[in-house]
Amino acid sequence: MVYNVNYMSLTVVIPTLNEASDLPRTLKSLSGLADEILVIDCGSTDDTVSLAEKAGAKVIHHSFKNFADTRNFGDNHASSDWILSIDADVVVTPEASKEIKRVIQDSKFSAYFVGRINIIWNKPILHADWGPKDDCHLRLYRRGSGNWKADVHETFITTRPVGRLKAPLKHYNYASVEEYIEKINRYSEIAALKIDHSSVFAPFKDFFKRYFYKLGFLEGYHGLFLCYLQAIYYTTLRVKIKEKAYV
């Protein structure tokens, strides 16, 4: 048997909290791609852990502090040369899988931006700041090349050369309006603890940016209501910051 000593291995890191409905689809999409799958579970009470273990993933329990901390914790436990850090509702398409396997072997860059096609209310959204050109972040990187920062909307920070993949991932983002509103409440709660002011114009600026500049109107009623609900997020955040100031 001949071994390739230059082979670059890949660990996929997936933070989870009650992701039993989405996780099996994600794990299935990793077949033939990952040398190691780490599920960092932050206290699931559903079947997330058993489904992950049944699929062959390694589950590590970790108390939730913030999103960046969870991803950094997962990265510190990875044993491969490269890391792909994704969410439990993200599918790696065959095209993306093929490209990922290719780029980590030629090692031209130390990290790669990867876009996502967001599936919201059963529709792929390509505008309104939700398309793969806008929802494009560093998700594939060499182990040890940087770390995650920020409590909400965490970002991978590196000073090394970066590239960009052509093939996007699929993000099964929101299945219902109720889920969207629940996340608005949860994310604004975390953000309100970290900042002490929010512009009164933020909801209006965000709506006009998404609906007009980012062509959200091309998405029909999906675009209209997505832009509206995102503006509600900034309104909710401002109210919670004000509420905190009076406590």
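What follows is calculated from the coordinates using simple rules that are stated; it is not laboratory data. Predicted, not measured: the structure shown is a model, and the values here were computed from it. With ideal geometry, Cβ positions are generated from the backbone for all residues, glycine too; neighbour counts draw on all protein chains shown.
Could you tally the net charge around residue 128, taking each other residue with its Cβ under 13 Å from the Cβ of residue 128, Lys/Arg +1 and Asp/Glu -1? Can you show the working numbers first?
On the way: positive: 123, 133, 209, 210, 214; negative: 129, 134, 135, 206, 219.
The answer is 0.
Taking the chain as a Gaussian network of alpha-carbon nodes connected by springs under 10 Å, the highest mean-square fluctuation of the residues 150, 128, 34 belongs to 150.
Taking 20 °C and 1.002 mPa s as conditions, the stretch 23-129 diffuses translationally at an estimated 139 µm²/s according to Stokes-Einstein applied to its Kirkwood radius (Cα pairs). Among 22, 47, the ranking by other beta carbons within 10 Å of each residue's beta carbon, starting with the fewest, stands as 47, 22. Counted by neighbouring Cβ atoms within 10 Å, the residues 158, 11 run from fewest to most as 158, 11.
What list do you get for 7, 228 if you sort them by fewest beta carbons within 10 Å? Can you show the working numbers first?
Values: 7 10, 228 14.
Ascending Cβ contact count within 10 Å gives the list 7, 228.
Distances between every pair of Cα atoms in the chain, grouped in 5 Å steps from 0 to the bin holding the largest one, split as 1, 6, 12, 16, 18, 17, 14, 9, 4, 1, 1, 0, 0, 0, 0 percent. Hull volume per residue, based on the alpha-carbon atoms of the stretch 177-245 and their convex hull, is 73 Å³. Cross-link partners for residue 194 among the lysines, with Cα-Cα distance under 23 Å and sequence neighbours closer than 8 places in the same chain left out: 65, 149, 183, 205, 240, 242, 244. Structure remark: mean-square fluctuation, Gaussian network model of the chain, C-alpha springs under 10 Å; the largest value among 16, 93, 159 belongs to 159. Ellipsoid semi-axes for the stretch 1-74, based on the Cα gyration tensor and the rule √(5λ), read 25, 15, 9 Å when sorted largest first.
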